[in-house]
Amino acid sequence: MKLLHKSGIRKKHIIIAIDGPAASGKSTTARKVAQRLGYTYIDTGAMYRSVTLKALRQGVLDEVRRFPENIADLLQEITIHFDGDTVLLDGRDVTSDIRDNRVSREVSFISSLKPVRDKLVEMQQELGRQGSVVMDGRDIGTVVFPDAELKIFLVADARERARRRYAELVAKSPEGSEYPDIDQLEEEIKRRDRDDEEREHAPLKKHPEAYEIDTSSLTIERQVDSVYSLAVDIQKRGR
Ligand code: CDP
């Protein structure tokens, strides 16, 4: 039965949902698993970050904090596309700008707004209708694709996640620039976890059917291998 799509046509594609808190290894794992399976990788965090970047650039954050419904204006004329690993916001490459610290600080607020979630969830469901995908985020297994063939929930110790974020930022920063403070990064990560878990709409939580994997002491290869083998099992079972 599960093979039948609503249209009655045999469903040929598979959805793999990977959720978890900040810096738990979702995007690296999702990208590599997608590559190995030949599926499309979709980073939904990049979509929430893009909306946040747009709000910052338009200088409307304070207004939206006072009148959250005003976010609707910004959502009316927004486009977000992926071209491989490149993220295009309104046709412009924002791949590195969306990783900016200012965006990281404000993204949980923007993501908590219902009109933002409704709009992005609709875009994500449309992407999932176009073919097999590995999609990562906070609510993919719970809200976007509760029927996903495979659901994964990645977790890791907060200190280890701060270390990973630190290494990522150091690797990306131009020579001679100031290094981030690891304690501060850990605090920011914990704050974002709290905001994501406690929000009213689509909070971060594990779907009861999701496989939980603690990546604290796993190498990327081991992480990718475990998700990949689960995906291959699913494919074999022809679900
Ligand atoms: O890469 P990192 O783990 O730092 O975060 P991200 O995946 O880029 O997501 C950034 C933020 O977007 C999260 O902290 C959430 O507030 C929000 N988000 C969400 O609400 N729902 C999703 N499906 C994906 C991200």
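Structure above, values below:
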| quantity | calculated |
| --- | --- |
| Where GluC sites (Glu not before Pro) fall in DSSP loop in region 135-239, at most 16 other Cβ within 10 Å | E175, E178, E200, E209 |
| In sequence order, calculated HN-Hα J values of region 47-63 (Karplus, 6.51, -1.76, 1.60; Hz; x Gly/Pro) | 6, 5, 5, 5, 4, 5, 4, 5, 5, 5, 5, 7, x, 9, 4, 5, 4 |
| Helical contribution to [θ] at 222 nm, DSSP H n ≥ 4, -39,500 (n - 2.57), averaged over the chain, rounded to 500 | -15500 deg cm²/dmol |
| Listed peptides 18-30, 88-100 by packing density, highest first (mean Cβ within 10 Å) | 18-30, 88-100 |
| Region 13-213 - percent of accessible surface contributed by carbon and sulfur, probe 1.4 Å | 45 |
| Whole-Hz ³J(HN,Hα) from phi, Karplus 6.51 cos²θ - 1.76 cosθ + 1.60, for region 101-117, glycine and proline x | 4, 4, 5, 4, 6, 9, 4, 5, 5, 4, 5, 7, 7, 4, x, 5, 5 |
| Antiparallel DSSP beta bridges within region 13-213, as percent of all bridges there, nearest 5 | 25 |
| Difference of contour (0.36 nm per residue) and Cα-Cα distance, R129 to I182 | 15.1 nm |
| Protection proxy ranking, peptides 121-132, 33-44, 137-148, average beta carbon neighbours within 10 Å, highest first | 137-148, 33-44, 121-132 |
| Cα-derived Rg to Rh of region 13-213, Kirkwood definition | 0.94 |
| Separation in nanometres of the label points that stand 7 Å from Cα toward Cβ, at E200 and E212 | 2.8 |
| Per residue accessible area in Å² of the chain, where ligands, DNA and RNA are left out and the probe is 1.4 Å | 54 |
| Centroid-to-centroid separation of region 35-109 and region 152-208 [C-alpha atoms, Å] | 18 |
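The values are calculated or read from the model by the stated rules, or taken from the named source; none is laboratory data. All figures in this text were calculated on a predicted structure; none of them were measured in a lab. With ideal geometry, Cβ positions are generated from the backbone for all residues, glycine too; neighbour counts draw on all protein chains shown. To get the accessible areas, we keep the full protein, side chains included, count just its heavy atoms, and leave off ligands, DNA and RNA. Shrake-Rupley method; radii C 1.70, N 1.55, O 1.52, S 1.80 Å.
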